[in-house]
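Worksheet: one structure, shown below.
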Amino acid sequence: MVPPRLPVVVIAGRPNVGKSTLFNRLAGRRIALVADTPGVTRDSKDAEAQLRGRMVRLIDTAGLEEAAPETLAGRMRAGSASAVSLADLVLFVLDARAGVTPADEHFGQWLRRQGKPVLLVANKVEGRAAGASILDAYSLGLGDPVGVSAEHGEGVANLMSEIVDRLPREPVIDDTADEDRPLKLAIVGRPNAGKSTLINRLLGTERMITGPEPGLTRDAVATTLSDDQGRAIELVDTAGLRRRARVEQPLEKMSVSSAIQALKMAEVVVLTLDAAGGIHDQDLQIARLIEREGRACIVALNKWDAVADRNAARKAIIERLEDSLAQMKGVAVVTLSALTGAGIDRLLPAVRQAYEVWNKRIPTGELNRWFEHALQAHQTPLVSGRRLKLRYVTQAKARPPTFVVFGTRAEQTPEDYSRYLVNSLRDTFKLPGTPIRLQLRGTKNPFVNDG
Ligand code: GDP
Ligand code: GDP
């Protein structure tokens, strides 16, 4: 369902060595603007490209080096640090005609310390101009250089093979959903919200005791069930719920610490509320934990059978939840009665849906179209008298959806502006009830004085 994260290939090097030209070649389209003037400001580019049958995400760092540091090497580091941190492979591009310059050397030293695989690319080798300076490139200690002419397309096919050879062999699966693995679900809530009753109801049998004396044998009972589509859902930490009953702890403390346990193991969390009792601070505290742990969440308004004014109850609870927790905006709410079973059939489909949202990946192109509009609709704020320049955004991972915005001094973005971006992301890409992570990475740099 969720594609593996694409391997990230970052193109770095001095201004004017031909990074953008190479990017265009590899991406197979002329997207980047190629300029003759060194240091011309261009937007960084990010594209999905197919190299020898492998899909990769290409990131061009050209133009990012305009940020502050004095030395060229410092600017190169500053401009590429964020991209390099995402990289599975860095193409370090040299101008074979110019040879290896001191800036190349410094940048190369820095790159070696980043611990990322690096492929040296000696560009502008069309005809026979380049021989000696290609050899020069060995001195960087970054392995064999590959000669190309990005402009004329020479050596590019070979370069593609060299790139593919250096990519992680398997699809990058650090954050991938596996269809065959059961979805891990936790049922949390404060004591007496009806969690045990709900779990028993879901399991369809009295497997779990709701009283204070749980039998040890019952801990071993499997807690995997299947949803309406026949897909497996595993209830996590039901043992914890049972164990808890034996431990003498203040009630509030108990439910929070057992929620933390369950959250660590879960992907989706059902926050179970006693709708007849209204929402308590402790419920909000648990909701905050769900957000902090980055889990998908749905809310079960339990004991619906015992609620007199249903509209008022629903409204009061949802408003309180959304007011207290920005990330709960649009969270799915299922009203049900664990006791009678009414409404219970809507729970697992909602769980499944929350799971899909939590796993969602948004293509970079769409994301940046949104970004442009969002920046236009609300211009970036002034920080210390200068307007922030936010340049582009990518989704770094899913589970939960995590986005990285790059730009000059992006890390100084005020809280309310990043909240605006998060809300806009949530609305535009339909990401209700899932914690959204937004990282802001400045291209201004932490490495000014280190080489
Ligand atoms: P960037 O700043 O590193 O992104 O470099 P660009 O891609 O903008 O290229 C800088 C200049 O080098 C442009 O004038 C390109 O036309 C030129 N260039 C790029 N690749 C080659 C090449 O393979 N051979 C030659 N001779 N010039 C190239
Ligand atoms: P837990 O502490 O969250 O596991 O809560 P329990 O499942 O032990 O339930 C606490 C009490 O609420 C028990 O007396 C249940 O019978 C009652 N209860 C649970 N679900 C419902 C429901 O949907 N409606 C009503 N009226 N009572 C419920």
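The values are calculated or read from the model by the stated rules, or taken from the named source; none is laboratory data. Note that the coordinates shown come from a computational prediction; the quantities given were computed from them, not determined experimentally. Here the Cβ positions follow ideal geometry from the backbone for every residue, glycine too, while neighbour counts run over all protein chains shown. Surface areas here come from the heavy atoms of the whole protein model, side chains and all, with no ligands, DNA or RNA. Shrake-Rupley method; radii C 1.70, N 1.55, O 1.52, S 1.80 Å.
Scan the stretch 41-81 residue by residue and report those that are farther than 21 Å from Asn24 by Cα, modelled with pLDDT of 70 or more and touching a Phe, Trp or Tyr at 6+ places or on another chain (Cβ under 9 Å).
Leu72, Ala73, Gly74, Arg77, Ala78, Ala81 - these are the residues of the stretch 41-81 that are farther than 21 Å from Asn24 by Cα, modelled with pLDDT of 70 or more and touching a Phe, Trp or Tyr at 6+ places or on another chain (Cβ under 9 Å).
Name every residue in the stretch 95-105 that is within 10 Å of ligand 1 (Cβ to nearest atom) and touching a residue at least 60 places away in the same chain (Cβ under 8 Å), in order of residue number.
Answer for the stretch 95-105, where residues must be within 10 Å of ligand 1 (Cβ to nearest atom) and touching a residue at least 60 places away in the same chain (Cβ under 8 Å): just Asp95.
Being open to solvent by less than 30 Å² (accessible area, probe 1.4 Å) and either touching a residue at least 60 places away in the same chain (Cβ under 8 Å) or under 14 Å from Asp416 (Cβ atoms) (or both) is the filter here, so list the residues in the stretch 382-395 that pass it. Reasoning before the result, please.
Of the stretch 382-395, the ones open to solvent by less than 30 Å² (accessible area, probe 1.4 Å) are 383, 388, 390, 392-395.
Within the stretch 382-395, Val383, Leu388, Tyr392, Thr394 qualify.
Picking from Asp323, Asp283, which residue would you name as being crowded, with 18+ Cβ neighbours inside 10 Å and outside the structural domain of Pro432 (by TED's automatic domain parsing)?
Residue meeting the stated conditions: Asp283.
So, in the stretch 290-310, of the ones that are of a type in the set (A, V, I, L, M, F, W, C) and under 16 Å from Pro191 (Cα atoms), which residue ends up nearest to ligand 1 (Cβ to nearest atom)? Walk me through how you get there before you give the answer.
Residues of the stretch 290-310 of a type in the set (A, V, I, L, M, F, W, C): 290, 296-301, 304, 306-308.
Remaining after also requiring under 16 Å from Pro191 (Cα atoms): 299-301.
Working: Val299: 50, Ala300: 54, Leu301: 56 Å.
Out of the qualifying residues, it is Val299.
Could you tell me whether any residue of the stretch 166-176 is over 30 Å from Leu321 (Cα atoms), open to solvent by 30 Å² or more (accessible area, probe 1.4 Å), away from ligand 1 (no atom under 16 Å from the Cβ) and modelled with pLDDT of 85 or more?
Taking every residue of the stretch 166-176 in turn, at least one turns out to be over 30 Å from Leu321 (Cα atoms), open to solvent by 30 Å² or more (accessible area, probe 1.4 Å), away from ligand 1 (no atom under 16 Å from the Cβ) and modelled with pLDDT of 85 or more.
If only one of Arg292, Arg346, Arg369 is of a type in the set (Lys, Arg), assigned by TED's automatic domain parsing to the domain that holds Lys195, more than 16 Å from ligand 2 (Cβ to nearest atom) and outside any loop (DSSP other than H, G, I, E, B), which one is it? Break it down stepwise before answering.
Values: Arg346 fails: more than 16 Å from ligand 2 (Cβ to nearest atom); Arg369 fails: assigned by TED's automatic domain parsing to the domain that holds Lys195.
The match here is Arg292.
Would you tally the residues in the stretch 326-363 being hydroxyl-bearing (Ser, Thr, Tyr) and open to solvent by 70 Å² or more (accessible area, probe 1.4 Å)? Quick ask: steps written out before the conclusion?
Here is the first cut: in the stretch 326-363, the ones hydroxyl-bearing (Ser, Thr, Tyr) are 335, 337, 340, 355.
Still in the running and open to solvent by 70 Å² or more (accessible area, probe 1.4 Å): 340.
The total comes to 1.
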